[in-house]
1. Just to be sure before I move on: is Thr109 touching a residue at least 40 places away in the same chain (Cβ under 8 Å) and within 11 Å of the chain's Cα centre (by Cα) in the structure I sent?
2. Consider Gly103 carefully, then state whether it is of a type outside the set (Phe, Trp, Tyr) and modelled with pLDDT of 95 or more.
3. Determine the pairs where a residue that is among the aromatic types (Phe, Trp, Tyr), located within region 1-17, has a partner that is at pLDDT 95 or above and open to solvent by less than 40 Å² (accessible area, probe 1.4 Å) with Cβ atoms under 9 Å apart, the partner being 6 or more residues away or on another chain.
4. Considering only residues of region 92-115 that are of a type in the set (Gly, Ala, Ser) and on the phi > 0 side of the Ramachandran plot, which is surrounded by the most Cβ atoms within 10 Å (Cβ to Cβ)?
5. Pick from Ile73, Ile84: which is within 25 Å of Gln13 (Cβ to Cβ) and out of contact with any strand residue (DSSP E or B) (no Cβ under 8 Å at 6 or more places or on another chain)?
6. Please state which one of Leu85, Leu20 is hydrophobic (A, V, I, L, M, F, W, C), outside any strand (DSSP E or B) and buried (at least 17 other Cβ atoms within 10 Å of the Cβ).
7. Could you tell me which of the residues Thr77, Thr33, Thr57, Thr61 is closer than 17 Å to Ala99 by Cα and loosely packed, with under 12 Cβ neighbours inside 10 Å?
8. Consider Ser70 against the criteria (1) in a loop (DSSP other than H, G, I, E, B); (2) open to solvent by 30 Å² or more (accessible area, probe 1.4 Å); (3) over 21 Å from Ser100 (Cβ atoms): it satisfies all of them except one. Which criterion is unmet?
Amino acid sequence: QVQLVESGGGLVQAGGFLRLACVASGVTFSITTIAWYRQAPGKQRELVGFIASGGSTTYSTSVSGRFSISRDIVKKTVYLDMNILKPEDTAVYSCTTGASMTGYWGQGTQVTVSS
């Protein structure tokens with residue numbers, strides 16, 4: 001059974017840093033892409049980025065250069081390192097299997113960036 005659990009969200013000042021984690025049980029990382037999405041109040045869910053099964057990463061233009069995705073295969077965990085946070089990064093961040101929004105989802109973790 002696939003289960004994704006996010007953690008690490010919280011309140012941070014603009015310019016700060018947060019690390020989110022997504023623990024993925026029941027997933028084989030070598031054949032599974034893990035993506036991070038976010039959804040701000042009143043807005044559509046948007047792709048933040050993903051790490052492909054081979055380990056390559058892709059980011060949206062809004063976070064490229066500030067956010068970084070990595071994984072620890074032994075710990076079955078995917079990380080989202082968020083640097084130079086901006087108030088517009090405030091959202092619920094969720095991880096999912098695949099990058100097409102049709103996979104398994106975690107419950108999400110709230111990130112709030114104060115100005």
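1. yes
2. It is false that Gly103 is of a type outside the set (Phe, Trp, Tyr) and modelled with pLDDT of 95 or more.
3. Correct list of pairs: Phe17/Asp81; Phe17/Met82; Phe17/Leu85.
4. For region 92-115, the residue satisfying everything is Gly108.
5. Ile84
6. After ruling out the rest, the residue left standing is Leu85.
7. Unique residue meeting the criteria: Thr61.
8. Result: Ser70 passes all but (1).
The values are calculated or read from the model by the stated rules, or taken from the named source; none is laboratory data. The model shown is predicted, which means the values in this text are computed figures rather than measured ones. Reconstructed Cβ throughout: ideal geometry from the backbone, glycine too, with neighbour counts over all protein chains shown. Each accessible area value is taken on the protein alone, full model and side chains, heavy atoms only, with ligands, DNA and RNA left out. Shrake-Rupley method; radii C 1.70, N 1.55, O 1.52, S 1.80 Å.
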